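Novice: Structure below; questions to follow.
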Amino acid sequence: MAQKKAKSYRVRYELDEDGWWVATVPSVPGCHTQGRTIEQARHRIEEALLLYDDRADRAVLEDEIVLPDPVQVGIRDMQAAVDALERQRALLDRRRRDLAVRLLKLVSVRDAGTILGVSGERVRQIANAPPVAPPVKRATRERTVTK
(Lines give C-alpha, C1' and ligand atoms only; values in the text may rest on other atoms or scores of the structure.)
Protein backbone atom coordinates (compact mmCIF):
# COMPACT_ATOMS: atom_id res chain seq x y z
CA MET A 1 0.00 0.00 0.00
CA ALA A 2 1.41 3.41 -0.99
CA GLN A 3 2.22 5.69 1.92
CA LYS A 4 0.28 8.96 1.98
CA LYS A 5 2.23 12.18 1.82
CA ALA A 6 2.01 14.15 5.07
CA LYS A 7 -0.47 16.99 4.95
CA SER A 8 1.05 20.43 4.94
CA TYR A 9 -0.27 23.55 6.67
CA ARG A 10 1.03 27.09 6.36
CA VAL A 11 1.16 28.80 9.75
CA ARG A 12 1.33 32.58 9.84
CA TYR A 13 2.95 34.21 12.90
CA GLU A 14 2.36 37.90 13.58
CA LEU A 15 3.27 40.04 16.58
CA ASP A 16 0.31 41.71 18.24
CA GLU A 17 0.44 45.10 19.94
CA ASP A 18 1.30 43.47 23.29
CA GLY A 19 4.27 41.53 21.91
CA TRP A 20 2.53 38.14 21.71
CA TRP A 21 2.89 35.97 18.62
CA VAL A 22 -0.47 35.19 17.05
CA ALA A 23 -0.37 31.94 15.05
CA THR A 24 -3.02 31.37 12.40
CA VAL A 25 -3.59 28.56 9.91
CA PRO A 26 -5.23 30.42 6.98
CA SER A 27 -6.48 27.21 5.36
CA VAL A 28 -8.37 26.19 8.52
CA PRO A 29 -10.93 28.87 9.46
CA GLY A 30 -10.93 29.56 13.18
CA CYS A 31 -7.63 27.78 13.85
CA HIS A 32 -5.49 30.28 15.72
CA THR A 33 -3.73 30.74 19.03
CA GLN A 34 -0.97 32.82 20.58
CA GLY A 35 2.22 32.51 22.57
CA ARG A 36 4.91 34.62 24.16
CA THR A 37 7.48 33.11 21.80
CA ILE A 38 7.28 31.69 18.29
CA GLU A 39 8.09 28.24 19.72
CA GLN A 40 5.28 28.49 22.25
CA ALA A 41 2.84 29.69 19.59
CA ARG A 42 3.96 26.85 17.31
CA HIS A 43 3.40 24.25 20.02
CA ARG A 44 -0.05 25.68 20.72
CA ILE A 45 -1.02 25.81 17.03
CA GLU A 46 -0.06 22.14 16.72
CA GLU A 47 -2.49 21.41 19.56
CA ALA A 48 -5.18 23.61 18.02
CA LEU A 49 -4.81 21.87 14.65
CA LEU A 50 -5.56 18.53 16.32
CA LEU A 51 -9.07 19.86 17.03
CA TYR A 52 -9.61 20.18 13.27
CA ASP A 53 -7.57 17.23 11.97
CA ASP A 54 -6.86 14.18 14.13
CA ARG A 55 -3.77 13.42 11.99
CA ALA A 56 -2.32 16.92 12.36
CA ASP A 57 0.42 15.56 14.63
CA ARG A 58 1.95 14.07 11.46
CA ALA A 59 1.46 17.22 9.38
CA VAL A 60 4.26 19.44 8.10
CA LEU A 61 3.97 23.02 9.31
CA GLU A 62 5.37 25.70 7.03
CA ASP A 63 6.13 28.77 9.13
CA GLU A 64 5.50 32.24 7.73
CA ILE A 65 6.87 34.82 10.14
CA VAL A 66 5.52 38.29 9.48
CA LEU A 67 7.94 41.14 10.25
CA PRO A 68 8.21 44.82 9.24
CA ASP A 69 9.94 45.60 5.93
CA PRO A 70 13.14 47.10 7.43
CA VAL A 71 13.68 43.95 9.51
CA GLN A 72 13.09 41.72 6.48
CA VAL A 73 15.64 43.70 4.48
CA GLY A 74 18.12 43.36 7.35
CA ILE A 75 17.59 39.59 7.48
CA ARG A 76 18.09 39.24 3.72
CA ASP A 77 21.21 41.44 3.84
CA MET A 78 22.64 39.44 6.73
CA GLN A 79 21.98 36.12 4.96
CA ALA A 80 23.62 37.43 1.78
CA ALA A 81 26.68 38.46 3.82
CA VAL A 82 26.83 35.04 5.53
CA ASP A 83 26.56 33.28 2.15
CA ALA A 84 29.34 35.47 0.69
CA LEU A 85 31.54 34.80 3.72
CA GLU A 86 31.02 31.03 3.38
CA ARG A 87 31.98 31.18 -0.30
CA GLN A 88 35.13 33.17 0.55
CA ARG A 89 36.02 30.78 3.39
CA ALA A 90 35.69 27.77 1.05
CA LEU A 91 37.88 29.53 -1.54
CA LEU A 92 40.47 30.34 1.12
CA ASP A 93 40.48 26.73 2.36
CA ARG A 94 40.98 25.41 -1.19
CA ARG A 95 43.84 27.85 -1.85
CA ARG A 96 45.47 27.13 1.51
CA ARG A 97 45.35 23.37 0.86
CA ASP A 98 46.74 23.73 -2.68
CA LEU A 99 49.54 25.97 -1.44
CA ALA A 100 50.45 23.62 1.42
CA VAL A 101 50.62 20.68 -1.01
CA ARG A 102 52.87 22.65 -3.41
CA LEU A 103 55.12 23.90 -0.60
CA LEU A 104 55.63 20.40 0.76
CA LYS A 105 56.96 19.36 -2.63
CA LEU A 106 59.62 22.07 -2.35
CA VAL A 107 60.52 22.48 1.32
CA SER A 108 60.36 20.68 4.66
CA VAL A 109 57.22 20.61 6.80
CA ARG A 110 58.92 22.91 9.29
CA ASP A 111 59.85 25.44 6.57
CA ALA A 112 56.35 25.24 5.07
CA GLY A 113 54.97 26.03 8.53
CA THR A 114 57.30 29.01 8.87
CA ILE A 115 56.28 30.32 5.45
CA LEU A 116 52.56 29.89 6.16
CA GLY A 117 52.79 31.12 9.75
CA VAL A 118 51.52 27.87 11.28
CA SER A 119 53.05 24.80 12.88
CA GLY A 120 54.44 21.95 10.83
CA GLU A 121 51.66 19.70 12.16
CA ARG A 122 49.06 22.22 10.94
CA VAL A 123 50.69 22.24 7.50
CA ARG A 124 50.29 18.44 7.41
CA GLN A 125 46.64 18.74 8.43
CA ILE A 126 45.95 21.35 5.76
CA ALA A 127 47.75 19.41 3.04
CA ASN A 128 46.03 16.12 3.94
CA ALA A 129 42.55 17.57 4.30
CA PRO A 130 40.05 16.44 1.69
CA PRO A 131 39.51 18.97 -1.09
CA VAL A 132 36.98 21.60 -0.10
CA ALA A 133 33.98 21.80 -2.37
CA PRO A 134 32.36 25.18 -2.97
CA PRO A 135 29.39 25.74 -0.68
CA VAL A 136 26.05 24.79 -2.12
CA LYS A 137 23.06 27.06 -2.06
CA ARG A 138 21.22 26.38 1.15
CA ALA A 139 17.81 24.83 0.88
CA THR A 140 15.26 27.09 2.45
CA ARG A 141 13.70 25.66 5.53
CA GLU A 142 10.01 25.41 5.84
CA ARG A 143 10.09 28.96 7.09
CA THR A 144 9.63 32.22 5.29
CA VAL A 145 9.73 35.75 6.55
CA THR A 146 7.24 38.11 4.98
CA LYS A 147 5.78 41.52 5.37
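The values are calculated or read from the model by the stated rules, or taken from the named source; none is laboratory data. Predicted model only: the values in this text are computed from it and were never measured. Please note: Cβ atoms are built from the backbone with ideal geometry, for glycine as well, and neighbour counts cover all protein chains shown.
Novice: Taking into account only those residues within the stretch 6-19 that are of a type outside the set (K, R) and either surrounded by 16 or more Cβ atoms within 10 Å (Cβ to Cβ) or out of contact with any strand residue (DSSP E or B) (no Cβ under 9 Å at 6 or more places or on another chain) (or both), which is farthest from P68 (Cα to Cα)?
Specialist: In this case the residue turns out to be Y9.
Novice: Give the residues of the stretch 20-42 that are more than 17 Å from R10 (Cβ to Cβ) and either hydroxyl-bearing (S, T, Y) or part of a helix (DSSP H, G or I) (or both), sorted by residue number.
Specialist: T37, E39, Q40
Novice: Here is a follow-up. What do you reckon, is L49 of a type outside the set (V, I, T), over 14 Å from R10 (Cα atoms) and assigned to a helix (DSSP H, G or I)?
Specialist: No, not satisfied.
Novice: Would you confirm whether any residue within the stretch 54-71 is in contact (Cβ under 8 Å) with a residue 24 or more places away in the chain, in a loop (DSSP other than H, G, I, E, B), surrounded by 11 or more Cβ atoms within 10 Å (Cβ to Cβ) and in contact with a Ser or Thr (Cβ under 8 Å, 6 or more places away or on another chain)?
Specialist: Checked against the condition, which is being in contact (Cβ under 8 Å) with a residue 24 or more places away in the chain, in a loop (DSSP other than H, G, I, E, B), surrounded by 11 or more Cβ atoms within 10 Å (Cβ to Cβ) and in contact with a Ser or Thr (Cβ under 8 Å, 6 or more places away or on another chain), the stretch 54-71 yields at least one hit.
Novice: What are the pairs with Cβ atoms under 6 angstrom where one residue, in the stretch 106-130, is assigned by TED's automatic domain parsing to the domain that holds R94 and the other, located anywhere, is part of a loop (DSSP other than H, G, I, E, B)? Sequence gap at least six, or different chains.
Specialist: G113/S119
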